[in-house]
């Protein structure tokens, strides 16, 4: 039925249908047969803001996402806390508002997940991973986790093809949500447990039809302290996290210039300035509080130019400069010295992406990225990395089949100083990494896909050059992944508005895994060692119920089962006899989550549950290494109202409602029950 | 007298077996695989193995081996004292019936009565409210001397039940090894963690224990010196770890009377233990790019300072040779194997001729073995 309807519908009607009913076949397959029997009208593109299509279900590569409305309904303040509700994602949380938060996608270390902000990678070459706790959800309009690093979109930068998985953050930018508004002002005030307070101000201005500008700033403070229990043998001790204060200021400014219908320039400036205490891990029988502090000054300026040269050729130009300054201070180091380190990283980046649509069935694309990064610090001898990545991609449709194939050439040129060999080194790493995927519409509501990807993660500057720790002989860590996906989505006319489901079965092989090993009691280094083989399944489902016009219900849930097994061959040095075939450290076999939302007129109520199964802190599965399973429940209520004709909302949150005491990382206790309240106004 | 001791012992055993059974009921969870065995009372000869665990994981433990029965008990400190040993136990010693354990990252000195297995005192090792990072310990003339990475030797008087405040003696940078010789205390300042450690070789401080002051500092006796041992002939054996770069490790023999280094063995010495005239040295190296540690045990005649055997125990016996101790009566050599540094290790026992005798499971990163009889 839908198939026949589709045949006659083009343009707006198709767009609308796709948006409301959800899932449609690709537009090209049937279009060609019918195109001469219908007249084609050129219509202005319109945007549908409210209804959501579930692209995850019919994606060629595994995709999970939250749109702005879904993010607003979560009891979260940063991106890290939001993505833990996605199947396959495990949040590595060191606890507290200022504690480091990174993610592990499909059992991989955080370094395998690249973070993209509006399509451009946000990198940290020194550490190789990004603290996601720093990204507030306030200005985010979409969060996507791409477990294979890419989607089937052709206009991705080449960097996306290099990485094993990616986290895409789409910011709200300068685009105004209302069509007739020329100036909007918004503000948000939040207060909560741990002395949390945040004020945020923003404004968007439509200077002309072509030019839109926005500016926002926020300031966050918290003392971050909380009480926790520590099981010291038979004694249950009561302690309090100290030296946990955080203060962060951030600025964001956007410019959007629509030169024509075909060409748009987006420029984004970003600044983040923070100071925090580092409480460290809980050390048994040690009540001496940490005095370590950390400052971060991060800024970037990036721009994206998207344009259509001809009907068949469009292109994207990207450029970025970023600056990351880190300062670490330990005034009470045991050596009696004051440890004071500063690190300044600069990065320049440019990218050209060309997409050539030969015909509705076949598109070719190329992306070339050139990135340069360097680090200045008294601890380093000025390492430099220049990477040239080129990807060629082809995307084709034929009948019910969709095919996407890419090949990436990665050329990394690195200069640094090897302490061990006491000489300057000049490294060249060349790799060729293919990606392939095939999609098939079994019937209109059911889509199957299979994909394959090779990727790598480069050693960070710390792993390569940090004094006494770095190892300049390190090779990249390689991954090969396979994914089988089956997605179902259907819309209905009755009480049940829509149902969607997705099953992904995946396999991930890692070789030359980079791990830290000691060479003396306090002297650690990094080597390429392990092999890990992960096999898993992710289930994701959503149901939306419209009881009547004012009463709606949405429930979504995710479930992951994965076996991430250590498989270092017995011929390798450091053969881990006792951990061979065992689940790797900090990787639960089972994780699951559930989000239930209830809407009644201007009131919404949300309940979020996250479950993390039992796991071990090492491959050795003994009781001392065991960490029990836990689940947390967060509740929030949002009420939308008009305050002197200004759109306003008030949100109250009850987080970890049942006061579950748990740890994600051993000896980094998490907080118990907490509250937060926020008021937003938007004119 | 003998009878009463026996009676006391049997009652204790009875009490302990009740404790043992109840521990089993409480501790043996079906859901979680466990390696902990239940406690047994040391009847005669015991070996204690100090396991460092993993830094910041609070899993430093003590393994107890009943040498008569061959029974191993893991987490012995926790089972007996009812709290965790803490984070990164670096050194221990037994003086009389008292065991001292230096727990580095917990900044604690645990003092335990081995007869009753009760904690005599747990001393916080901090100076001006900053943890001192204690490393190694010796006893001399009723006083306990602990080296600390903060650049001080802590002196604790065992009289008055350890209640007196700590005396701090300023030495060099990152002191590690400590030994008493000819009524002086010798301290190896490794200069280990300093940013200048590749160029600054470290030194030896000589403390006069009666005045608690450094009376002399000796330079140029090795690079990144860590372990110190003495023999009965006034020689000091210094482990020089090199700088992990162009300066290779070695063993320096230092004459305490002439204050000169007579002999240097150019080998990757990690540890030296001396029992009478016999010296046993673990020799190995971390080789890039894998940093695999290949190590063997060699034997030294400490009187003549000559090598007796350059491979008493072959490297094929170990994955990662970590600790080395000698049982003084039998001369048995107790080697600890840290495996991959993240899993439970082993103690491998060899007789004095290097023949393998037995093997016991330990905790993570077993570093030191001590012996006790009662």
Looking at residue A:335, is it crowded, with 16+ Cβ neighbours inside 10 Å and either over 24 Å from residue A:450 (Cβ atoms) or touching a helix residue (DSSP H, G or I) at 6+ places or on another chain (Cβ under 6 Å) (or both)? yes
I'm trying to understand the selection: among the residues of region B:45-102, which are more than 11 Å from every other protein chain (Cβ to nearest Cβ) and part of a loop (DSSP other than H, G, I, E, B)? B:67, B:68, B:69, B:70, B:96, B:97
Kindly establish whether residue A:484 is closer than 30 Å to residue A:391 by Cβ and free of Cβ contacts under 8 Å to residues at least 60 places away in the same chain. yes
Per-region count, region A:565-581, residues within 11 Å of chain B (Cβ to nearest Cβ) and at pLDDT below 65: 5
Does residue A:594 fit the bill of being within 28 Å of residue A:534 (Cα to Cα), out of contact with any helix residue (DSSP H, G or I) (no Cβ under 8 Å at 6 or more places or on another chain), buried (at least 17 other Cβ atoms within 10 Å of the Cβ) and more than 14 Å from chain B (Cβ to nearest Cβ)? yes
All but one of (1) assigned to a strand (DSSP E or B); (2) surrounded by fewer than 18 Cβ atoms within 10 Å (Cβ to Cβ) hold for residue B:160, so report the exception by its number. (1)
Looking at B:217, B:229, which one is touching a residue at least 24 places away in the same chain (Cβ under 8 Å), loosely packed, with under 14 Cβ neighbours inside 10 Å and touching a strand residue (DSSP E or B) at 6+ places or on another chain (Cβ under 9 Å)? B:217
Report whether or not residue A:407 is away from chain B (no Cβ under 14 Å) and either on the phi < 0 side of the Ramachandran plot or touching a strand residue (DSSP E or B) at 6+ places or on another chain (Cβ under 9 Å) (or both). yes
So, in region B:39-53, of the ones that are at pLDDT below 90 and out of contact with any helix residue (DSSP H, G or I) (no Cβ under 7 Å at 6 or more places or on another chain), which residue ends up surrounded by the most Cβ atoms within 10 Å (Cβ to Cβ)? B:42
Taking the condition of being crowded, with 16+ Cβ neighbours inside 10 Å and under 19 Å from residue A:122 (Cβ atoms), how many residues in region A:306-318 meet it? 2
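Residues are listed down the side, and each one gets a yes or a no for (1) within 14 Å of chain A (Cβ to nearest Cβ); (2) assigned to a loop (DSSP other than H, G, I, E, B):
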| position | (1), (2) |
| --- | --- |
| B:324 | no, no |
| B:328 | no, yes |
| B:363 | yes, no |
| B:371 | no, no |
Can you tell me which residues in region B:124-147 are within 11 Å of chain A (Cβ to nearest Cβ), surrounded by fewer than 21 Cβ atoms within 10 Å (Cβ to Cβ) and touching a strand residue (DSSP E or B) at 6+ places or on another chain (Cβ under 8 Å)? B:124, B:127
What residue, of A:432, A:450, is touching a strand residue (DSSP E or B) at 6+ places or on another chain (Cβ under 7 Å), surrounded by fewer than 22 Cβ atoms within 10 Å (Cβ to Cβ), more than 16 Å from residue A:392 (Cβ to Cβ) and away from chain B (no Cβ under 14 Å)? A:450
Members of region A:208-237 found to be away from chain B (no Cβ under 14 Å), surrounded by 13 or more Cβ atoms within 10 Å (Cβ to Cβ) and farther than 24 Å from residue A:99 by Cα, listed by number: A:210, A:211, A:212, A:213, A:214, A:215, A:216
Could you tell me how many of the residues in region B:274-295 are more than 14 Å from chain A (Cβ to nearest Cβ), part of a strand (DSSP E or B), surrounded by fewer than 20 Cβ atoms within 10 Å (Cβ to Cβ) and free of Cβ contacts under 8 Å to residues at least 60 places away in the same chain? 2
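The values are calculated or read from the model by the stated rules, or taken from the named source; none is laboratory data. Values in this document were obtained by computation on a predicted structure and should not be read as measured data. So basically every Cβ, Gly included, is an ideal-geometry build from the backbone, and we count neighbours across all protein chains shown.
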